[in-house]
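Notes to accompany the following structure.
The values are calculated or read from the model by the stated rules, or taken from the named source; none is laboratory data. Note that the coordinates shown come from a computational prediction; the quantities given were computed from them, not determined experimentally. When we count neighbours, we look across all protein chains shown, and the Cβ atoms used for this are built from the backbone with ideal geometry, even at glycine.
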Amino acid sequence: MIPLRDGTTIPQLGFGTYLVEPSETTATVAAALEIGYRHIDTAQMYENEAEVGDAVAASGLPRAELYLTSKLSNAAHRPDDVRRTFDETLAKLKVDYLDLFLMHWPLPTRYDGDFVSTWKAMTDLLADGRLRSVGVSNFEPAHLDRIIDETGVVPVVNQIEVHPYFPNTAAREASLAHGIKVEAWGPLGQGAVLRDETIAEIGRAHGKSVPQVTLRWHIQRGDVIFPKSTHPDRMRENFALFDFTLSTAEMAAIDALDRGESGRVGAHPDTFDWIPT
Ligand code: NAD
């Protein structure tokens with residue numbers, strides 16, 4: 001558990017559900033909960049919130065032991081849609097509060113460039129106890145400055161693409177400078193780092209796999225991660241990160257794999273403008 005700036009805590013290791021088919025989601029999340037994951041990351045745009053909710057309900061776990069994150073759809077940036085879709089998210093997840101709600105993308109070229117009224121509407125959700133923490137995702141330094149300057153409310157996290165090939169240093173350091181925790185999405189580069197020979201060699205010294213070494217690198221940097229897999233054996237592998245430590249030299253060797261902008265596997269937040277219909 002690591003602390004966030006609003007006084008809450010978040011499990012540093014969670015489970016991601018991007019591109020988990022709705023038909024597979026309930027069984028996949030049930031397996032993750034069985035293995036021990038207690039932090040689940042979903043989103044309105046993943047279209048699997050109801051199935052995540054089914055797995056949570058069937059688990060019988062006390063609500064207080066779970067940490068649930070969802071994210072605002074790119075189609076729902078208008079304040080009325082923020083409120084309406086947040087209600088839908090709670091109903092689909094079958095819970096009476098959400099731990100963390102994120103603005104999925106800033107969409108600076110959409111909605112007349114106004115992501116500030118969206119942020120304001122999201123922060124207003126904190127008032128009645130149905131939302132514990134509010135944050136953002138895919139925010140560049142200038143996007144962070146703008147919502148903080150114009151509303152005074154600092155997000156607790158910024159969920160951004162971060163992995164050895166694309167450490168996203170400018171956005172990561174701007175977040176940390178504001179006291180915003182970084183959540184690293186695509187912690188394995190969505191698979192891009194899995195054949196890396198430098199990481200494999202470090203793994204051999206510890207009897208650990210490439211995914212385990214990569215995820216451990218994130219943990220030691222202090223970022224929150226939620227690797228995704230639909231295979232229980234890989235979920236177990238990705239959960240076994242706390243019985244070894246990378247040395248300073250090993251951390252530096254992984255830091256050196258930075259490919260700059262060419263290492264990015266996802267979209268650039270300044271230009272990404274996709275809105276689901
Ligand atoms: P990831 O880096 O977690 O990689 C997932 C890929 O790696 C999958 O193809 C999986 O099969 C493979 N993999 C995972 N563990 C493995 C193992 N032990 N051995 C071999 N292969 C393994 O990428 P991701 O799923 O895109 O990112 C993690 C989570 O971050 C997502 O599920 C989602 O919750 C979140 N996310 C958020 C955004 C955003 O815009 N905010 C974007 C992408 C992802």
* Structure fact -> Residue hits (the stretch 4-47; among the aliphatic types (A, V, I, L, M), in a loop (DSSP other than H, G, I, E, B) and surrounded by 18 or more Cβ atoms within 10 Å (Cβ to Cβ)) are Leu4, Val20, Ala43
* Structure fact -> Scanning the stretch 204-232 for residues that are more than 8 Å from the ligand (Cβ to nearest atom) and either β-branched (Val, Ile, Thr) or more than 25 Å from Gly179 (Cα to Cα) (or both) gives Arg204, Ala205, His206, Gly207, Lys208, Val213, Thr214, Ile219, Val224, Pro232
* Failed item in (1) within 16 Å of the ligand (Cβ to nearest atom); (2) within 19 Å of Asn74 (Cβ to Cβ); (3) among the small types (Gly, Ala, Ser), with Ser133 passing the rest -> (2)
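Listed here are the residues, each with its yes/no results for (1) of a type outside the set (Phe, Trp, Tyr); (2) in contact (Cβ under 8 Å) with a residue 24 or more places away in the chain; (3) under 17 Å from Arg132 (Cβ atoms).
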| residue | (1), (2), (3) |
| --- | --- |
| Met1 | yes, no, yes |
| Leu4 | yes, yes, yes |
| Ala30 | yes, yes, no |
| Leu68 | yes, yes, yes |
| Val82 | yes, yes, yes |
| Phe86 | no, yes, yes |
* **Filter result for Arg110 (more than 30 Å from Asp255 (Cβ to Cβ), touching a residue at least 40 places away in the same chain (Cβ under 8 Å), surrounded by fewer than 22 Cβ atoms within 10 Å (Cβ to Cβ) and within 16 Å of the ligand (Cβ to nearest atom))** => yes
* Can you work out which of the residues in the stretch 136-150 that are within 16 Å of the ligand (Cβ to nearest atom) and surrounded by 22 or more Cβ atoms within 10 Å (Cβ to Cβ) is farthest from Leu98 (Cα to Cα)? => His143
* Structure fact -> Ala170 meets each of (1) under 17 Å from the mean Cα position of the chain (by Cα); (2) under 30 Å from Ala121 (Cα atoms); (3) in a helix (DSSP H, G or I) with one exception, condition (1)
* Considering (1) within 28 Å of Pro155 (Cα to Cα); (2) more than 14 Å from the ligand (Cβ to nearest atom); (3) without any contact (Cβ under 8 Å) to a residue 60 or more places away in the chain, say which one Leu188 fails and leave the rest. => (2)
* Go through (1) touching a Gly at 6+ places or on another chain (Cβ under 8 Å); (2) more than 15 Å from the ligand (Cβ to nearest atom) and name the single condition Ile40 misses. => (2)
* To do: Report whether or not Ala75 is closer than 20 Å to Thr277 by Cβ, in a helix (DSSP H, G or I) and not acidic (Asp, Glu).
  => yes
* Asked: Yes or no: Val56 within 12 Å of the ligand (Cβ to nearest atom), in a helix (DSSP H, G or I) and either at negative phi or at pLDDT 95 or above (or both)?
  -> no
* Asked: Which residue out of Val162, Val153, Val95 is within 15 Å of the ligand (Cβ to nearest atom) and either among the hydrophobic types (A, V, I, L, M, F, W, C) or within 16 Å of Ala267 (Cβ to Cβ) (or both)?
  -> Val162
